[in-house]
1. Give the average over all directions of the projected area of the C-alpha convex hull of region 16-75, one decimal, in nm².
2. Label points 7 Å out from Cα along the Cβ direction at Thr49 and Tyr75: separation in nm?
3. Residue by residue through region 31-43, which ³J(HN,Hα) values in whole Hz follow from phi under the Karplus form 6.51 cos²θ - 1.76 cosθ + 1.60 (θ = phi - 60°), with glycine and proline marked x?
Amino acid sequence: MLFAVGRKKKGGGASPASRTRRPFQHMVLRRLRELKKIVPDAQDADVDTLLRRTADYICILELKVTVLRRLSAIYGA
């Protein structure tokens, strides 16, 4: 598991390091949720699978752009 959100360590309050890390964790988790909305078939994926599917999706989109540019060059737009 990448992040343990909501778990507390034994011994009481949060350490200063964890307090400074918390906003970063929330930012990362928010961005992962947004990424799951964009990438197809990634709703229930873990982080590793999500990043792999994202990379695949980027490759597919780049290929589509290349094909559309070549079609545009052929048929003159």
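No lab work stands behind these numbers, since they all come straight from the coordinates. Please read these numbers as outputs of a predicted model, since none were measured by experiment. Cβ: placed from backbone, ideal geometry, glycine included. Neighbour counts: every protein chain shown.
1. The Cα convex hull of region 16-75, projected and averaged over all directions, gives 5.5 nm².
2. 3.8 nm
3. Once rounded to whole Hz, the list reads 5, 5, 4, 5, 5, 5, 6, 8, 7, x, 6, 10, 4.
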